[in-house]
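Only one structure is covered here, and it is reproduced in the block below.
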Amino acid sequence: MMTALTLFIAALGLGLIDLFLGRNLAIRPIVTGTVVGFILGDPVTGMAIGATLELAFIGLFTVGGAMPPEILTGGMLATALAINAGAGPETALVLAFPIAALGLIVKNLHFVFVAPALLHRADTYVERGSIRGVSAMHILSGFLWIFWLACVVGVSYAVGSDAIGALVAAIPEPVTVGLQVATGILPALGFALLGRMLINKRVMPFFFIGFLLVTYGGIPIVGLAAGAAMIAWVLVDAERRRTSAQQPALAMNGAADDDF
């Protein structure tokens with residue numbers, strides 16, 4: 001029970017650090033696995049499992065409206081259960097994604113039921129002109145979000161891997177299939193929402209140039225991204241120089257207007 005409580009505190013702390021201190025990747029498996037390893041007295045195995053899970057979760061980031069499986073619960077709990085069972089990264093990989101899917105369900109429940117209630121409460125503080133009240137509602141929503149996930153980690157470790165496996169297996173097949181379909185659709189939706197915000201007439205040609213270079217030119221994504229960064233650097237510097245050159249002319253025009 002003490003270990004479960006320690007894991008709960010660790011999950012809560014890492015989640016709050018990542019949420020409130022600038023998204024510093026403190027919840028990535030390479031970090032959480034190492035922390036779990038120290039808690040359970042086997043940091044080497046924890047680091048090895050965390051590194052393996054990091055490779056599996058490396059592409060799972062929230063993009064636009066796409067919600068990936070919850071990596072804080074998946075990474076920490078899978079590592080803890082694998083170490084407790086005397087197993088290795090293979091067992092952790094089997095456990096990580098079902099646990100992450102369960103954590104995503106808990107996260108979505110928070111955003112469906114708890115966060116809207118706090119949002120409406122924040123609206124009342126807006127009407128009163130209370131900045132502290134609005135800030136408190138936002139902070140409370142974030143804290144509760146991480147608190148539920150930390151509870152999943154602590155309670156799940158306390159009841160054991162068999163109970164978690166039975167709970168995941170008890171989810172009806174239509175729900176599981178629906179989650180799989182949604183997992184496939186949401187990344188595309190997220191990229192579409194992100195593209196709607198970022199893509200305009202000015203940057204659209206660069207998007208299609210990059211697509212053609214990757215598709216037909218065989219250029220790796222990393223090389224294309226590096227080249228795009230250099231092009232962006234040149235364009236931003238040219239824009240800065242053009243703006244700097246226009247400022248003296250604008251100042252002279254303003255002075256001439258003042259003479260009249």
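Total residues in the stretch 70-103 satisfying the condition of being touching a Pro at 6+ places or on another chain (Cβ under 9 Å) and among the acidic types (Asp, Glu): the figure is 0.
Among the residues of the stretch 39-46, is there at least one that is in contact with a Phe, Trp or Tyr (Cβ under 9 Å, 6 or more places away or on another chain), under 11 Å from Thr79 (Cβ atoms) and either buried (at least 19 other Cβ atoms within 10 Å of the Cβ) or at pLDDT below 90 (or both)? Explain how you work it out, then say what you get.
Looking only at the stretch 39-46, we keep the residues that are in contact with a Phe, Trp or Tyr (Cβ under 9 Å, 6 or more places away or on another chain), and these are 46.
From what is left, the residues that are under 11 Å from Thr79 (Cβ atoms) are 46.
Still in the list and also either buried (at least 19 other Cβ atoms within 10 Å of the Cβ) or at pLDDT below 90 (or both): 46.
Scanning the stretch 39-46 turns up at least one residue that is in contact with a Phe, Trp or Tyr (Cβ under 9 Å, 6 or more places away or on another chain), under 11 Å from Thr79 (Cβ atoms) and either buried (at least 19 other Cβ atoms within 10 Å of the Cβ) or at pLDDT below 90 (or both).
Only a single item in (1) within 26 Å of Ala78 (Cα to Cα); (2) modelled with pLDDT under 95 is not met by Asp123, and it is number (1). From the list Ala117, Ala101, the one residue that fits, being under 16 Å from the mean Cα position of the chain (by Cα) and in a helix (DSSP H, G or I), is Ala101.
Filter the helices (runs of 4 or more DSSP H) completely within the stretch 1-98 down to those with at least 2 residues that are in contact (Cβ under 8 Å) with a residue 40 or more places away in the chain and among the acidic types (Asp, Glu).
Details: elements: 2-20, 29-39, 43-57, 71-84.
Ranges flagged: none.
The values are calculated or read from the model by the stated rules, or taken from the named source; none is laboratory data. Quick caveat, the model's predicted, so the values are computed rather than measured. Note that we place each Cβ from the backbone using ideal geometry, even for glycine, and neighbour counts take in every protein chain shown.
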